[in-house]
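Structure record follows, encoded as structure tokens.
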Amino acid sequence: MVSAKKKATVKPKKGVRKAPTKKASRKPAAKKAVSPKAALAPAVQKAGDVLDKVKNAIEAEKKTLAAARKKVEAARGKARKSKSAGDKRAAKAASSAAAKNAARIKGLRQRLGAAKTRFAEASQAAKAKASQLAAKERVLARKVELAAKADIDKAKAISAAAEKWVKARAASDAKKLAALEKRVASELRATERKLEAKARAKAKKAAAAVKAAAKKAAAKAKASAKAAKAKARSSARTAKVKAKERAKAKADKARAAAKAKAKPKVKAKPKAKAKPKAKAKPKAKAKLKAKAKPKAKAKPKAK
């Protein structure tokens, strides 16, 4: 019976864990209203069994005693009528058997009293124990109820604290993000300024390079034009000198031919007249070419 009570106490715990309600806490109180016999302990049951056995034995002995007494009466009547020794012995035996039955009944009655006392004591102990168990069950039920309520209150408190913490954390994170965005924006502005400065410097450098290249190209073109002009002048002079030389040579040749016609005998002399070739001095042409030095002004390429 105790194990049944323990099982009954365990079931409300499971129910409370799933759904802590007041009905779950009332279950032990409802179980407390069980009949005393159902709530008896094994000792009480044992004492009750002994008591029942003694009662049954007494009832049986009573029946036996009643039968024995009838036999005694019959034997005594028969002995009085016959007055024989055998009938007297039979009556005496029946009387002793009845006395033994009466003695057994007396002993059984004493045992019945003791069994009743033990049964009463066991019943009282069982009732006291049942009361203790019921009180413990009530305490446990109340404990479970309070624990469930504490869990609910704890969940509410945790939820409120969590909500408060979330709000505080969100505000803190918002401040951190704002500071980070501000810092990143300033860094981006600084980077943009650096890039703009680099772009301006690069454009300035490119413009300077273009200007220098244009200046260099202009100088080169000027030098080339000057050199071409000098070359043209030199070529014209050279052509003029050559034309003069050719004309002079032709004139000399014509004179020589005329002289040869006038003096046909002296034919070897024209060989000595090769002097006009020395007068031409072709080396002077090289000097004219040397005057075309303006080409050396193309040195700006080295710059």
Expected single match for over 55 Å from the mean Cα position of the chain (by Cα), charged (D, E, K, R) and assigned to a helix (DSSP H, G or I) among LYS253, LYS204, LYS182 is LYS253
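Would you say ALA114 is closer than 30 Å to ARG138 by Cα, in the same structural domain as LYS136 (by TED's automatic domain parsing) and either at pLDDT 75 or above or hydrophobic (A, V, I, L, M, F, W, C) (or both)?
Numbers: closer than 30 Å to ARG138 by Cα: no; in the same structural domain as LYS136 (by TED's automatic domain parsing): yes; either at pLDDT 75 or above or hydrophobic (A, V, I, L, M, F, W, C) (or both): yes.
Spelling it out, it is not the case that ALA114 is closer than 30 Å to ARG138 by Cα, in the same structural domain as LYS136 (by TED's automatic domain parsing) and either at pLDDT 75 or above or hydrophobic (A, V, I, L, M, F, W, C) (or both).
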Among the residues of the stretch 73-80, is any at pLDDT below 70 and of a type in the set (Asp, Glu)? no
Here the qualifying pairs (Cβ atoms under 8 Å; residues six or more apart or on different chains; first in the stretch 104-115 and surrounded by fewer than 16 Cβ atoms within 10 Å (Cβ to Cβ); second aliphatic (A, V, I, L, M)) come out as ARG109/ILE58
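The values are calculated or read from the model by the stated rules, or taken from the named source; none is laboratory data. The model shown is predicted, which means the values in this text are computed figures rather than measured ones. Virtual Cβ from ideal backbone geometry, glycine too; neighbours counted across all protein chains shown.
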